[in-house]
Each structure stands twice: as structure tokens, then as C-alpha cells.
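We did not get these values from a lab; they are worked out from the coordinates using the rules stated. Computed from a predicted model, the values in this text were never measured in an experiment. Cβ sites come from the backbone with ideal geometry, for glycine too, and all protein chains shown count toward neighbours.
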Amino acid sequence: MKVSETYIQGLYKVDDKEKARLATINATIGKTVYDEDLFMFEGKEYRYWDPYRSKFAAAYLSGMKSLPQIKEKSILYLGVSTGTTASHFSDINTHGIIFGVEFSSKVMRKFFRLSEQRSNLIPILADARRPEEYSSFVLEADLIYQDVAQPDQATIFGRNALEFLKSGGFGLIAIKSQSIDVSLEPEKVFSNQIKELEEDFGLEIIEYKTIEPYEKKHAVVVIKMP
Ligand SMILES: C[S@@+](CC[C@H](N)C(=O)[O-])C[C@H]1O[C@@H](n2cnc3c(N)ncnc32)[C@H](O)[C@@H]1O
């Protein structure tokens with residue numbers, strides 16, 4: 001087994017039996033979050049990061065070259081769900097903070113329990129369409145990560161970016177075309193969403209890629225606040 005650094009600080013590539021996988025160093029030794037496998041390497045415990053359950057890992061393995069750094073950042077995570085991806089951000093962002101916004105109280109219960117074990121996770125039960133509901137907690141973000149699967153994904157992102165994203169800060173949005181318009185070709189849906197982010201919110205698009213086979217009809221877009 002070989003474990004090597006990637007261009008994302010704190011994200012490791014594991015070459016094992018000719019298969020490349022991703023992993024982070026476990027911040028809660030001995031504990032798993034979603035039944036992922038753990039392994040030891042040179043005295044450290046790592047957690048494999050499943051690209052079929054996380055669009056960030058899928059985007060990296062799909063070859064995206066400009067994914068934003070996670071380490072030592074203030075991160076606003078929209079659609080945090082039970083915390084699968086956020087738990088890996090938590091492993092990496094050891095001295096930063098991750099505000100996890102989720103509007104389903106059922107899944108938020110699990111994320112709340114995770115946040116009791118990981119002090120850099122802050123649960124916020126709120127609707128990401130209403131940034132004013134959490135503007136007193138969040139203040140400013142270096143990075144906004146969004147994975148909400150809603151018809152108005154670009155609008156939700158744009159409103160949060162204008163409210164919280166620092167100048168020079170990054171955004172990463174997972175766009176699910178089927179949640180927006182099933183009658184249009186996914187490529188057309190992606191380009192409409194990108195156009196809205198650029199023209200209605202003045203955001204700069206850095207990179208965009210579809211992430212099959214990990215997720216069908218999904219694209220990940222890296223955004224920068226000018
Ligand atoms: C695809 S799941 C997110 C998975 C998660 N990002 C991960 O990788 O672990 C989408 C989540 O977004 C939440 N969601 C959808 N619309 C939302 C909104 N307007 N405000 C807050 N959460 C929302 C859903 O309840 C769901 O838990």
C-alpha cells in the first residue's frame with residue numbers, strides 16, 4: 001500500500017492493489033461515520049472516502065484540477081445531511097470550522113450527534129433559501145459547499161454567496177440536473193445554472209465537470225467570488 005499527498009492539503013491518495021482510493025486522517029480514532037473502512041499507515045489511522053457517497057471525492061477522482069482547499073477554513077455547507085462529506089471536511093479542517101445547514105430535522109439529528117464528537121462541526125437547522133436565518137452565526141465564509149438537489153440550486157447558492165462569501169473565496173456546487181428539469185439534456189441544465197451564477201450573481205466559474213460514473217446526471221462547479 002502507498003499513501004501519498006494530493007493537491008488538496010489533508011486529502012490522501014491510497015494506491016492499493018492497483019486501485020486508487022481517497023482517504024483522510026481520522027479525527028476521532030477508532031470511530032466510523034458511515035461504515036467506511038479504516039486503515040493504519042505509518043502510525044496514523046485513516047478513513048477511506050467513498051466517491052459514490054460524496055460529490056467532493058467524486059469530483060477529485062473525476063479529474064477536477066481546481067477544487068478548493070479545505071484546511072483551516074471557515075466553511076458554510078448547504079445540505080449537510082447526516083454529515084458523510086462533512087465528516088471528511090472535519091478530518092481535514094482541524095483548526096477551522098464547518099457550519100452545516102440542513103432543513104430536515106430527521107437527518108439533522110444524526111449530524112447533531114456527529115457534531116458532539118467533532119468540535120469543528122456546527123449544526124444549523126434551517127432552510128438554505130433563507131440565509132437571513134443563520135446570518136447571525138455564520139458571518140463570513142472562505143468556502144461555500146452546496147449539495148441540495150433542488151430546482152433553484154443556482155439561486156440558493158448565489159444568495160448565500162452574496163451574503164457570506166469573502167472576496168477571493170471559493171464555492172463548490174453539486175448540480176443535479178434531474179432536480180431542475182427532467183425534460184432538458186443535463187448539459188443544457190448545467191449551462192443554464194452556470195449562466196445564472198455568472199450573470200445574476202457576478203460569480204466567476206473556475207472549473208466544471210460531470211461526475212459519472214459516481215453520480216449520474218450531476219456536475220460539480222468550482223466558483224470564485226471576485
Ligand atoms: C444529496 S443530500 C446531501 C448529501 C451530503 N452533502 C453529503 O455528501 O454527505 C441533500 C441534502 O440537502 C438537504 N436540503 C435540500 N434542500 C435544502 C434546503 N433548501 N435547505 C437545507 N437543506 C436542504 C436535504 O434534506 C438533504 O439532506
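Past the 19 Å Cα-Cα mark, which pairs from 2/44; 31/71; 195/224; 73/166; 17/209?
On the way: 2/44 13 Å; 31/71 21 Å; 195/224 14 Å; 73/166 11 Å; 17/209 27 Å.
Table pairs above 19 Å Cα-Cα are 31/71; 17/209.
Using θ = phi - 60° and the Karplus relation 6.51 cos²θ - 1.76 cosθ + 1.60, list the HN-Hα couplings for the range 218-226 in order, rounded to whole Hz, with x at every Gly or Pro.
With the stated coefficients, the range 218-226 comes to 10, 10, 10, 10, 9, 10, 10, 8, x Hz.
For a paramagnetic label modelled at 7 Å from the Cα of residue 200 toward its Cβ, which residues of the range 128-156 fall within the zone defined by backbone nitrogen distances under 18 Å?
Backbone N within reach: 128-132, 146-156.
Taking K and R as +1 and D and E as -1, what net charge do the other residues with C-beta under 9 Å from the C-beta of residue 13 add up to? Each step should come with its number before you reach the end.
Working: positive: 2, 21; negative: 5, 15.
Net of charged neighbours comes to 0.
Measuring from label point to label point, each 7 Å out along Cα→Cβ, what is the residue 66 to residue 117 span in nm?
Calculated label separation equals 3.6 nm.
If we count every other residue with Cβ under 15 angstrom of residue 38's Cβ, Lys/Arg +1 and Asp/Glu -1, where does the sum land?
Computed value for this residue: -4.
Only bridges whose two residues both fall in the range 1-139 count here: according to DSSP, what percent of them are antiparallel, nearest 5?
Working: 17 of 27 bridges.
Of all bridge pairs located within the range 1-139, approximately 65 percent are antiparallel.
Around residue 126, what is the net charge, scoring Lys/Arg as +1 and Asp/Glu as -1 over all other residues with Cβ under 11 Å from its Cβ?
Details: positive: 129, 130; negative: 102, 127, 132, 133.
Surrounding charge for residue 126 is -2.
Can you check how the C-alpha radius of gyration of the chain compares to 2.2 N^0.38 Å, as a plain ratio? Spell out each step's value before the answer.
Details: Rg = 16.8 Å, N = 226, 2.2 N^0.38 = 17.3 Å.
The value comes to 0.97.
Using per-residue counts of other Cβ atoms within 10 Å, averaged over each peptide, order 198-211, 144-157 from highest down. Don't skip to the answer; put the middle values down first.
On the way: 198-211: 16.5, 144-157: 21.1.
Listed from highest to lowest mean packing, they are 144-157, 198-211.
So how do 167, 66 line up by other beta-carbon neighbours within 10 Å, fewest first? Intermediate results must be reported in sequence, preceding the final value.
Values: 167 7, 66 14.
Fewest to most other Cβ atoms nearby, the residues stand as 167, 66.
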